[in-house]
1. Which one is farthest from residue 121 (Cα to Cα) among residues in region 56-65 that are touching a helix residue (DSSP H, G or I) at 6+ places or on another chain (Cβ under 6 Å) and assigned to a helix (DSSP H, G or I)?
2. Within region 34-47, restricting attention to residues that are over 14 Å from residue 150 (Cα atoms) and either under 15 Å from the mean Cα position of the chain (by Cα) or modelled with pLDDT under 95 (or both), which residue is surrounded by the most Cβ atoms within 10 Å (Cβ to Cβ)?
3. Here is a check on your reading of the model: is residue 215 under 14 Å from the mean Cα position of the chain (by Cα), in a helix (DSSP H, G or I) and either on the phi > 0 side of the Ramachandran plot or modelled with pLDDT of 95 or more (or both)?
4. Spot the failing condition for residue 76; the list is (1) touching a residue at least 40 places away in the same chain (Cβ under 8 Å); (2) surrounded by fewer than 17 Cβ atoms within 10 Å (Cβ to Cβ); (3) in a helix (DSSP H, G or I), and only one is missed.
5. Taking region 1-25, which residues are closer than 27 Å to residue 225 by Cβ and within 17 Å of the chain's Cα centre (by Cα)?
6. Answer yes or no as to whether residue 188 is in contact with a helix residue (DSSP H, G or I) (Cβ under 6 Å, 6 or more places away or on another chain) and in a helix (DSSP H, G or I).
């Protein structure tokens, strides 16, 4: 099983989001607050939809222990029993950058972002192993990305605690989530080893579309700069 996870992480690493030009610009403090506002407003829709991906997977699982594991992660995303939904924390980031929540919610999405949401919804209907690797692909990389974002927000943009709270939380929360998915993948592939190759392909497809989503955001950033020049 260790060979599988070596291969899985290698597939994901081909699309290291911290090497994407948009995140590189964030790390260097080169994004304007308006550009961060546009990013936050666009990506909120994926963050808001994430619990629905988990709901779809939960609804179709026959395995009760795994179903409860997915439900626990869903509850965490929705801030239950006593926290705040993670999508609300992301909205705090958007409004901290100057967005209005109504504008965020009513935003017309870029094709890449719409494709990302559709991809995850489709992925949850694939084999259980593939669905789990798609979730792992996303959440296993969030902690290091969240750390980099939080540092940038503090160093370059003077963000207050509320604006940065989503990223502060996800430096630790998704370490736990990623381990949950890793354990679930191992259990699933122990029973269904024939699904390993398909699961690896699903992980790479997810990593690729996450990269493409940032590329769409970067394209629009460069387009807006060209118009303003």
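The values are calculated or read from the model by the stated rules, or taken from the named source; none is laboratory data. Predicted, not measured: the structure shown is a model, and the values here were computed from it. Note that each Cβ is placed from the backbone with ideal geometry, even for glycine, and that neighbours are counted across all protein chains shown.
1. Taking the candidates together, the pick is 58.
2. Here the answer is 41.
3. Working: under 14 Å from the mean Cα position of the chain (by Cα): no; in a helix (DSSP H, G or I): yes; either on the phi > 0 side of the Ramachandran plot or modelled with pLDDT of 95 or more (or both): yes.
For residue 215, the condition - under 14 Å from the mean Cα position of the chain (by Cα), in a helix (DSSP H, G or I) and either on the phi > 0 side of the Ramachandran plot or modelled with pLDDT of 95 or more (or both) - is not met.
4. The single condition residue 76 does not satisfy is (2).
5. Taking region 1-25 first, the residues closer than 27 Å to residue 225 by Cβ are 15-25.
Those that are closer than 27 Å to residue 225 by Cβ and within 17 Å of the chain's Cα centre (by Cα): 15, 16, 17, 18, 19, 20, 22, 23.
6. yes
Let's see how each residue does on (1) buried (at least 19 other Cβ atoms within 10 Å of the Cβ); (2) over 24 Å from residue 67 (Cα atoms); (3) modelled with pLDDT of 95 or more:
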| residue | (1), (2), (3) |
| --- | --- |
| 152 | yes, yes, no |
| 181 | yes, no, yes |
| 206 | yes, no, yes |
| 229 | no, yes, no |
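For (1) touching a residue at least 40 places away in the same chain (Cβ under 8 Å); (2) in contact with a helix residue (DSSP H, G or I) (Cβ under 6 Å, 6 or more places away or on another chain); (3) assigned to a helix (DSSP H, G or I), each residue gets a yes or a no:
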site: 11; (1), (2), (3): yes, yes, yes
site: 15; (1), (2), (3): yes, yes, no
site: 22; (1), (2), (3): yes, yes, yes
site: 26; (1), (2), (3): yes, yes, yes
site: 31; (1), (2), (3): yes, yes, no
site: 34; (1), (2), (3): yes, no, yes
site: 38; (1), (2), (3): yes, no, yes
site: 43; (1), (2), (3): yes, no, yes
site: 46; (1), (2), (3): yes, yes, yes
